Amino acid sequence: MSFPQTRFRRLRVNATMRRMVSEIRLSVDDLVYPMFVCPGKQVKEPIEAMANCYRFSPDLAAKEATAMAELGIPAILLFGTKEKKDAIASRASAMDSAVCQAIAKIKAKCPQLLVMTDVCLCAYTDHGHCGLIMAADAKRKRKSSPFATPAVQQYEGHIDNDSTIEVLASMALAHARAGADIVAPSDMMDGRVGLIRETLDTEGYVECGIMSYSSKFASAFYGPFRDAAQSTPSFGDRRTHQIDPACGRQGLRQMEEDIVQGADIVMVKPALPYLDVIALARHHFDVPIAAYNVSGEYMMIHAAAKAGLLDYEAAMMESLLSIKRAGADIIITYFAPEAAKVLK
Ligand SMILES: [Zn+2]
């Protein structure tokens, strides 16, 4: 009797065999490149916390986006930075914001590239929160209310959901008017997808899609990004709206709700610490699933490679492959241009 009878190594014997039996293939078509834009002209400003990432003025953003399209990357995701900030995020919905200008310039230069835009207020509010902080008179009303209890008062100074989603809808509308193909609300307010869909439809932008950051966890891996977007909250944190890392099933419920409200694509963010949620989402839903390989995941590999601990390219490709294997159709990643070159 021969032993062992089962020999898995037969299918791993050489590169051709491994290629033939490969269960998934990473493709440049899976990648979305996040880009930061800022006001001005001819600006290309390095972001200290994020290797090889820059803030571009709209003119240079168009140039960079064209380079991404030439690499075969199908889409970019724009984030606004360095706008004038105030309590009500006025610049978020302005048609002359850096994001709106960049959308128009990119679409003029490179119409085939899909332009997605982040929709959230944290880069536009002076307090750095993702929404409007409850107004002082609303606070007073609550205090004098017969129903005021310590539990209610605890919400003072927190983000007011319903007034925030109105601002988010007008921000999304401004992006759609400027030519965005897909708006991507990342704020985690309740009901925003439905209101954005209704607003876009009422205004005639029925073809503008919604990619909802549905399962966005309150993660430590966003650190470097906050430096890029200069969106660190001046007080408190984001745990009243982002999902607790211990709650994967809540992530699923939010995806389900966002699909009902009209999301075309739902997202899990971050990616690597939440591969289980991506896999569950793939199992439960038929809409495309996006995963955001966030700044901390990106910079961990950079730092480890710099310290001589990891092979940069191998770790990058393995991370992206694992996100795809978990079930993501779309991978939003700062590695996109480098990965595109490897995949060519
Ligand atoms: Zn935000």
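In plain terms, the chain from Glu207 to Ala220 could stretch by 1.2 nm, reckoned as 0.36 nm per residue minus the Cα-Cα distance.
Take Lys269, Lys341 and order them by how many other Cβ atoms sit within 10 Å, fewest up front. All intermediate terms of the calculation are to be shown ahead of the outcome.
On the way: Lys269 24, Lys341 12.
Placing the least packed residue first, the sequence is Lys341, Lys269.
Residue order for Lys109, Lys344, fewest other beta carbons within 10 angstrom first, comes to Lys344, Lys109.
Are any of the pairs Lys41/Lys82; Lys269/Lys306; Lys105/Lys269; Lys216/Lys341 more than 23 Å apart by Cα-Cα distance, and if so, which?
From the list (Lys41/Lys82; Lys269/Lys306; Lys105/Lys269; Lys216/Lys341), the Cα-Cα distance tops 23 Å for Lys269/Lys306; Lys105/Lys269; Lys216/Lys341.
A crude spin-label estimate for the pair Arg325 and Ala87, with each label 7 Å from Cα along the Cβ direction, gives 5.2 nm.
At an R0 of 22 angstrom, the distance between the Cβ atoms of Tyr312 and Ser22 translates into a FRET efficiency of 0.50.
Compared with the dominant Cα axis of the chain, that is its longest principal axis, helix 248-261 is turned about 70°.
Rounded to the nearest 500 deg cm²/dmol, what is the calculated helix-only ellipticity per residue at 222 nm for the chain, with -39500 (n - 2.57) per DSSP H run of length n ≥ 4?
-12000 deg cm²/dmol
With the alpha-carbon atoms of the stretch 25-343 aligned to their principal axes, the span from lowest to highest coordinate is 64, 41, 39 Å, starting with the largest.
Tell me the angle of helix 295-306 to the major Cα principal axis of the chain, expressed in degrees between 0 and 90 and rounded to the nearest ten. Between helix and principal axis, roughly 40 degrees.
Ranking Ala176, Ser27, Gln261 by Cα position along the charge dipole of the stretch 25-343, where only Lys, Arg, Asp and Glu carry charges on their C-beta atoms, puts Ala176 farthest toward the positive end. If R0 is taken as 56 Å, the Cβ-Cβ distance between Gln42 and Phe3 corresponds to a FRET efficiency of 0.20. Report the residues of the stretch 323-338 in range of a label on His283: point 7 Å along Cα→C-beta, backbone N strictly under 18 Å from it. From the stretch 323-338, the list is 323-329.
For the stretch 25-343, what proportion of DSSP beta bridges, expressed in % and rounded to the nearest 5, is antiparallel? Of the beta bridges lying entirely in the stretch 25-343, close to 10 percent run antiparallel. I'd like the orientation of helix 161-178 relative to the chain: the angle between its Cα long axis and the longest Cα principal axis, in ° from 0 to 90, rounded to 10. So the inclination is approximately 60 degrees.
The simple Förster model, with R0 at 41 Å and r as the Cβ-Cβ distance, assigns Arg239 and Asp29 a FRET efficiency of 0.70.
Just so you know, all these numbers are worked out from the coordinates, no wet-lab data involved. In this text the structure is predicted, and so the values were computed from the model without any measurement. Note that we place each Cβ from the backbone using ideal geometry, even for glycine, and neighbour counts take in every protein chain shown.
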